[in-house]
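Structure record follows, encoded as structure tokens.
The values are calculated or read from the model by the stated rules, or taken from the named source; none is laboratory data. All figures in this text were calculated on a predicted structure; none of them were measured in a lab. Positions of Cβ are generated from backbone atoms using ideal geometry, with glycine treated the same way; all protein chains shown enter the neighbour counts. The protein model used for the area step is the full one, side chains on, heavy atoms only, and it has no ligands, DNA or RNA in it. Shrake-Rupley method; radii C 1.70, N 1.55, O 1.52, S 1.80 Å.
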Amino acid sequence: MQPLVHPGPKTEPRIIAHQVKTRRAVCALSSSRPLVDQLHETLASMGADSGFAELSGGDYAPLSYCVPDVATAEKALSFSETRGHDVAHLIYGSVTLGLRDNAPYMHSHCFWQATDGAYEGGHVWLETEPGRDAPFAVVTAVYGAQWQSATDPETHMPVFTPVERRSAMQDLQSAADGTVIARVLPNIDITDAVLRVCRDAGYETASVRAGLGSFVGATFVDRASGETRVIDGPATEVIALVGDVRTVDGVLTANLTATLVDRHGVLHAGVVVPGENLIAATFELTIQRIDTPAVDVDRHAA
């Protein structure tokens, strides 16, 4: 897939990463209030204003969303018209939480089942609310950096960027270390980015959590057929990027899987092909170090 040519000046560095501490909490969502407000209230209860959330099950009611679209005269990619459902049955969602103009903000990609049985996915807008059967949400607060949203001078798109920020001592007392949050900029391969972040942080074994952003099209391996599949560009939304990083024979390797929605609104999922998935506009990564040695299940069972 060819790199996108964006309208603005190229930003450096191409990966902006910060090591942070984290705490987690379950958010008991309720209906008839915006999702973004409830997730940020959970962060505030932990003394934070930035983090990420993983959601599953339950309903959105209403759901407002879009999917990626083709280039315009001003941008190398765009959003579709706003779409929506009165009720949608959530399957899974990733959310980055931070501030825009000093107000609570979120960037969320989800997939769900519509009431007619169709599976769909997309970029969820701020007016979305949990339904009476509310989704389950695990919210992770980060300390030591803040996600700040602004219009990117390179892409002319709204993007989150992590900015270093000192946290109060009381917020850190029960927080765990071993996490890096990062923004990956356009035309960097996602597998290369994950490996670079881990090398720079000194992580030999790690887990990729709730990553979301966009690829230039996408290239992945279909698990059922074993075939390599290519999605056309200019952009494909990544609903979730998960996987692991490990050291094999002294070499750092990454195994990543992604759930995707293309510009036609079609869902895809599979194993990410290294070197073939460039970032379209932005990507928000959360990588957590794993300190416990791997368990050999067969040997342990014997």
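Test each condition in (1) touching a Leu at 6+ places or on another chain (Cβ under 6 Å); (2) not in a strand (DSSP E or B) for R33 and report the one that comes out false. All conditions are met except number (1). Screening Q170 with (1) touching a Gly at 6+ places or on another chain (Cβ under 8 Å); (2) at pLDDT 95 or above; (3) open to solvent by 10 Å² or more (accessible area, probe 1.4 Å) gives one miss only, at (2).
Q146 meets each of the listed conditions (1) touching a strand residue (DSSP E or B) at 6+ places or on another chain (Cβ under 6 Å); (2) over 19 Å from R23 (Cβ atoms) apart from (2).
Screening the candidates L4, L43, L39 for the property of being closer than 29 Å to D232 by Cα and either within 21 Å of the chain's Cα centre (by Cα) or surrounded by fewer than 19 Cβ atoms within 10 Å (Cβ to Cβ) (or both) yields one hit, L4. Mind listing whichever residues of the range 258-285 are among the β-branched types (V, I, T), farther than 26 Å from P153 by Cα and open to solvent by less than 60 Å² (accessible area, probe 1.4 Å)? If the condition is that a residue be among the β-branched types (V, I, T), farther than 26 Å from P153 by Cα and open to solvent by less than 60 Å² (accessible area, probe 1.4 Å), then T259, V271, V272, V273 are the ones that fit. Scanning the range 226-256 for residues that are at pLDDT 95 or above and of a type in the set (G, A, S), we see that the one that is most open to solvent (accessible area, probe 1.4 Å) is G226. Looking across the range 182-191, the residues that are buried (at least 20 other Cβ atoms within 10 Å of the Cβ) and either out of contact with any Gly (no Cβ under 9 Å at 6 or more places or on another chain) or without any contact (Cβ under 8 Å) to a residue 24 or more places away in the chain (or both) come down to A182, L185, P186. The number of residues in the range 46-56 that are part of a loop (DSSP other than H, G, I, E, B) and open to solvent by less than 30 Å² (accessible area, probe 1.4 Å) comes to 3.
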